[in-house]
């Protein structure tokens with residue numbers, strides 16, 4: 001398969017994740033959609049890495065996976081803290097920082 | 001063969017992504033993301049990224065998704081009831097507009113990305129990639145990745161390990177049980193327990209000290225059945 005097919009799949013996955021981030025209201029699902037966007041970026045990184053026969057893109061993909069794991073850790077910790085304070089788990093209701 | 005595998009895996013990837021976005025129950029979204037990650041690992045294998053595919057399956061689809069399932073099981077049921085009671089008014093107000101705007105933005109982004117990636121007419125994009133010869137230390141194998149990580153990208157590697165440490169500590173600090181956030185009866189129940197807590201049952205250092213203390217006392221007076229009640233807590 002040519003590299004372009006993989007890039008098309010990665011673009012579709014990225015846009016699906018962006019749609020979910022914009023429309024969903026549960027922060028858990030928003031985090032999942034962020035994972036989708038990161039995975040789309042990862043797929044294009046690895047496709048470009050294959051295109052040039054160079055491993056740098058794979059290293060960058062591994063680093064992206066690390067950052068995604070850190071983001072999941074912090075995000076889920078925040079969701080558990082929100083749950084402990086009996087606040088609604090809804091990104092539309094949590095708007096104190098917005099003023 | 002490889003193109004058949006590509007289309008099966010690509011359909012799995014896209015179906016998993018759409019499932020994550022459309023399922024209303026977050027638990028099903030997590031399961032859809034697991035399917036998405038497994039299909040994505042097949043695509044990585046087709047792109048000769050063997051180590052990244054294995055790490056994806058083990059770390060991502062294994063560990064991170066288990067964390068998600070735990071949090072969904074901890075939070076999820078209450079979220080449903082809150083979703084029904086508290087937030088009916090904002091949903092009725094803005095759901096359709098948000099969905100249309102999101103779809104519009106995502107569609108525009110997709111068209112733009114496809115133009116940027118495929119419409120540029122680059123010759124390398126439509127090719128099959130660089131020549132590849134299988135072997136123990138070629139492109140994408142664990143030996144290759146490890147060599148790169150420990151030579152050229154050593155600083156990145158160390159920085160990411162530091163980032164992981166900070167995220168682990170931050171997750172513990174964020175999700176721990178804070179004093180002052182409990183209910184009143186829970187706080188009243190906890191306070192005398194804290195005062196009367198026997199030494200040696202609190203921190204790990206205290207526990208080890210209590211263990212050493214009890215061991216020394218057992219060696220000192222053998223056969224003495226009477227234990228000091230606050231000598232080690234056990």
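The values are calculated or read from the model by the stated rules, or taken from the named source; none is laboratory data. From a predicted model like this one, the values you see are computed outputs, not experimental measurements. Ideal geometry is used to build each Cβ from the backbone, glycine not excepted, and the neighbour counts take in all protein chains shown.
Can you pull out the residues in the stretch B:104-138 that are in a helix (DSSP H, G or I) and surrounded by 12 or more Cβ atoms within 10 Å (Cβ to Cβ)?
B:104, B:105, B:106, B:107, B:109, B:110, B:111, B:112, B:113, B:114, B:117
Checking residue A:19 against (1) within 7 Å of chain B (Cβ to nearest Cβ); (2) buried (at least 23 other Cβ atoms within 10 Å of the Cβ); (3) within 19 Å of residue B:56 (Cβ to Cβ), which test does it fail?
The single condition residue A:19 does not satisfy is (3).
Scan B:95, B:10 and give me the residue that is modelled with pLDDT of 90 or more, in a helix (DSSP H, G or I) and within 9 Å of chain A (Cβ to nearest Cβ).
B:10
Out of A:45, A:97, A:36, I need the residue that is more than 7 Å from chain B (Cβ to nearest Cβ) and under 22 Å from residue B:12 (Cα atoms). Which one?
Criteria check complete, one pass: A:45.
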